[in-house]
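This report refers to the structure that appears directly beneath it.
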Amino acid sequence: MSKKLLSLLLVLALALTMSTVALAAENYGDLLPAVKTIPADYTGKTIILHSNDVHGQLDGYACMPALKQRFLDAGASDVLLVDAGDFSQGTPYVSTSKGAAAIEMMNAAGYDVVTIGNHEFDYGYAQLMENLKSAEFTTLCCNVYLAETGELILPGSTVVETEGGLKIGFIGVETPETATKVNPGLITEINFATFDDLYAAAQMAADEIKDDCDILIALTHLGMEPEGALNGYRSADLLDHMTGVDFAIDGHAHYVMTSTYDGKPIQSTGTKFAYVGVVVIDNETKAIEDNFLLDTSKLPKDEEVDAAAQEIMGGVDEVYGAPFATTEVVLDGDKPNVRTHETNLGDLITDAIVWSVVKEGGIEQVEPNQVVGITNGGGIRATLQPGDVSMSDINTVLPFGNTVAVIYVTGAELLEALEASTFCTPETIGGYPQTSGIEWTLDTTKAYDQGDVYTLNGKESSYFAPASIQRVTITAINGEPFDPEATYAVVTNNFTAAGGDTYNVFNRAYVEGSGFDTGIPLDEAVMHYVTEVLEGKITAEQYGQPRGSETQILAEAEEAAEEEPAA
């Protein structure tokens, strides 16, 4: 019996026996969420309500104070609001203010303690610290340091003493993957604790408060994705290497879970307020007695907080909401699709950025048939549905404010980039290459030949260079034979050009002066391509299906799983 079928049967069984259980919208592997309603009596209890990976869903914040009041009305002595990171990016509602609108809304909702996610650094370290000056909550992070002094950029831990007499300790942990998941040029001031140093930093933060608290909660922006298992950067890996932590509230992977498959006490709410997490602590025993998720579609909203969200969203919609084009087809930007294989939206974006540079000129080192496009799948954040397309839609797909860049690399370096950025495929990876002008084959039945850890700006990254090329073959470049010794112009975004994700080889070329940043905003390149080249209409003939630039060779079990009908 497949895991997919087993999970479905478990869900159906629970649905038949528990009227309060609802099926989660996004659930991976064996992680089965328990979604409940609120019982009537919480006398003598302290409640922690939590969110993670809100990604600009500002109207969801209104659920938190309304839900807090419901628990207080049910007798709870205290209700704390906490968040596990990635609140600054995801929609124009937050990206247009470089994350400041999220802080404003979290203040309005009454958050108490948060940790930061990798996307808090999307606008740079300096911008994050400026945004946090207005925060009315405590922000924690135990494993990010100033490069110059070695001091933590934020407190690693805190203890909250409640009206019910509990002392609840919190530590905040940021994923070390941030070093390569954010434009490296925007975070030169800071370093991240990596590998065993991550565990040591978290343990140190916990040890500082363990004697002063009754319960210790880790706010971990680490996730449970297989990609993070390579370096031991998942929340479960952290708990395996720590003592004293009673519970982890997790973010980063967008999983919906109330524990791991092996029973570790880790809870996560998915993304964009699909759910709110609840942790129930008994004041007398000073122990966690329950944890579950609440479906936000069934929750009331605080009118004042909702009005504040609508005001921000309305102002952005006024500027960004007007349609400029239409699409006949679904343009696939869904995770995990853009992180595991070619999609039609990846084709559109890479075609657009190549066009945006070629039409302006300036690529003089190579012939036109030696210009290709690559963008990282993790930088594509949404799907476009058939119908009108607005500036807001494109900004939601490409929310990072990236610009279009050009890198000159040899064919051998291009091959290394593709090999490194597919090292764990068919498992998801943010660096997965969506391409234009490259015909290539990926053999996932072959093992990745892991070499030395990549270093970037003198810092260890989360990824390893290939010791040899085993999985990827480039068959043609714009219809011409591939030459590993030839020079190619790669049109990409400034994040990957700077070595973001797995693209360390691009950074090597870039710092040597083999490339340039065009300054063309990535989203504007796409919009101009759609209006000028496609004349405002994305048709099924042009982008109805992926063009077939990439061929994947899968193991038999993987092929069978792909062919299995969706449940």
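Here ALA101 passes the criteria (1) of a type outside the set (D, E, K, R); (2) assigned by TED's automatic domain parsing to the domain that holds ASP290; (3) outside any strand (DSSP E or B) except the one numbered (2). Scanning the stretch 427-447 for residues that are buried (at least 20 other Cβ atoms within 10 Å of the Cβ) and out of contact with any Gly (no Cβ under 9 Å at 6 or more places or on another chain) yields TRP440, LEU442. State yes or no: is THR492 modelled with pLDDT of 95 or more, surrounded by 14 or more Cβ atoms within 10 Å (Cβ to Cβ) and out of contact with any Pro (no Cβ under 7 Å at 6 or more places or on another chain)? So THR492 fits the description; yes. Among the residues examined, ASP351 does not qualify as within 18 Å of ALA108 (Cα to Cα) and either crowded, with 20+ Cβ neighbours inside 10 Å or in contact with a helix residue (DSSP H, G or I) (Cβ under 8 Å, 6 or more places away or on another chain) (or both). Checked against (1) closer than 21 Å to LEU49 by Cα; (2) touching a residue at least 12 places away in the same chain (Cβ under 8 Å), THR180 passes all but condition (1). Contact annotation: residue pairs with Cβ atoms under 8 Å, 6 or more positions apart or on different chains, pairing a residue in the stretch 59-77 that is more than 18 Å from VAL160 (Cβ to Cβ) and among the aliphatic types (A, V, I, L, M) with a partner that is modelled with pLDDT under 95 and not in a loop (DSSP other than H, G, I, E, B), are LEU67/LEU294.
Each residue in the stretch 85-119 was checked for being among the basic types (Lys, Arg) and at negative phi, and 0 pass. Within the stretch 294-312, the set of residues being modelled with pLDDT of 95 or more and not in a loop (DSSP other than H, G, I, E, B) comprises GLU303, GLU304, VAL305, ASP306, ALA307, ALA308, ALA309, GLN310, GLU311, ILE312. Within the stretch 180-190, does at least one residue satisfy the condition of being under 27 Å from ALA76 (Cβ atoms) and aliphatic (A, V, I, L, M)? No: the stretch 180-190 contains no residue that is under 27 Å from ALA76 (Cβ atoms) and aliphatic (A, V, I, L, M). Which one of these is surrounded by fewer than 16 Cβ atoms within 10 Å (Cβ to Cβ), assigned to a helix (DSSP H, G or I), of a type outside the set (Val, Ile, Thr) and assigned by TED's automatic domain parsing to the domain that holds SER51: ALA126, ALA135? Sole residue among the options that is surrounded by fewer than 16 Cβ atoms within 10 Å (Cβ to Cβ), assigned to a helix (DSSP H, G or I), of a type outside the set (Val, Ile, Thr) and assigned by TED's automatic domain parsing to the domain that holds SER51: ALA126. Of the helices (runs of 4 or more DSSP H) lying entirely inside the stretch 170-238, none contains at least 1 residues that are surrounded by 24 or more Cβ atoms within 10 Å (Cβ to Cβ), at positive phi and of a type in the set (Asp, Glu). For the stretch 81-98, a residue qualifies if it is surrounded by 23 or more Cβ atoms within 10 Å (Cβ to Cβ) and either outside any helix (DSSP H, G or I) or β-branched (Val, Ile, Thr) (or both), and the qualifying residues are LEU81, VAL82, ASP83, ALA84, GLY85, ASP86, PHE87, SER88, GLN89, GLY90, THR91, VAL94. Inspect all residues belonging to the stretch 154-165 and state whether any of them is in contact with a Lys or Arg (Cβ under 7 Å, 6 or more places away or on another chain), in a strand (DSSP E or B) and at negative phi. Taking every residue of the stretch 154-165 in turn, at least one turns out to be in contact with a Lys or Arg (Cβ under 7 Å, 6 or more places away or on another chain), in a strand (DSSP E or B) and at negative phi. In summary, strands (runs of 3 or more DSSP E) completely within the stretch 425-464 and bearing 3 or more residues that are farther than 23 Å from VAL490 by Cα occur at 450-456. I need the full set of residues from the stretch 108-135 which are under 20 Å from the mean Cα position of the chain (by Cα) and among the hydroxyl-bearing types (Ser, Thr, Tyr), in order please. Passing the criteria: THR115, TYR123, TYR125. Residues of the stretch 422-462 that are of a type in the set (Val, Ile, Thr) and either over 19 Å from VAL182 (Cβ atoms) or touching a strand residue (DSSP E or B) at 6+ places or on another chain (Cβ under 8 Å) (or both): THR422, THR425, THR435, ILE438, THR441, THR444, THR445, VAL453, THR455. Among the residues of the stretch 75-99, those that are out of contact with any helix residue (DSSP H, G or I) (no Cβ under 6 Å at 6 or more places or on another chain) and under 13 Å from GLU120 (Cβ atoms) comprise ASP83, ALA84, GLY85, GLY90, SER95. A count restricted to the stretch 299-342 and to residues that are out of contact with any Ser or Thr (no Cβ under 9 Å at 6 or more places or on another chain) and among the hydroxyl-bearing types (Ser, Thr, Tyr) stands at 1. Among the residues making up the stretch 48-75, those that are part of a loop (DSSP other than H, G, I, E, B), of a type outside the set (S, T, N, Q) and either in contact with an Asp or Glu (Cβ under 9 Å, 6 or more places away or on another chain) or at pLDDT 95 or above (or both) are ASP53, VAL54, HIS55, ALA74, GLY75. Of all residues in the stretch 325-348, those satisfying the criterion of being farther than 19 Å from THR425 by Cβ and touching a helix residue (DSSP H, G or I) at 6+ places or on another chain (Cβ under 6 Å) are ALA325, GLU328, VAL329, LEU331, LEU348. Do you know which residues across the stretch 224-238 are of a type outside the set (S, T, N, Q) and either out of contact with any strand residue (DSSP E or B) (no Cβ under 9 Å at 6 or more places or on another chain) or under 18 Å from GLN267 (Cβ atoms) (or both)? Residues satisfying the conditions are MET224, GLU225, PRO226, GLY228, ALA229, GLY232, ARG234, ALA236, ASP237, LEU238.
The values are calculated or read from the model by the stated rules, or taken from the named source; none is laboratory data. Everything numeric in this text was worked out from a predicted model, so none of it was measured. Reconstructed Cβ throughout: ideal geometry from the backbone, glycine too, with neighbour counts over all protein chains shown.
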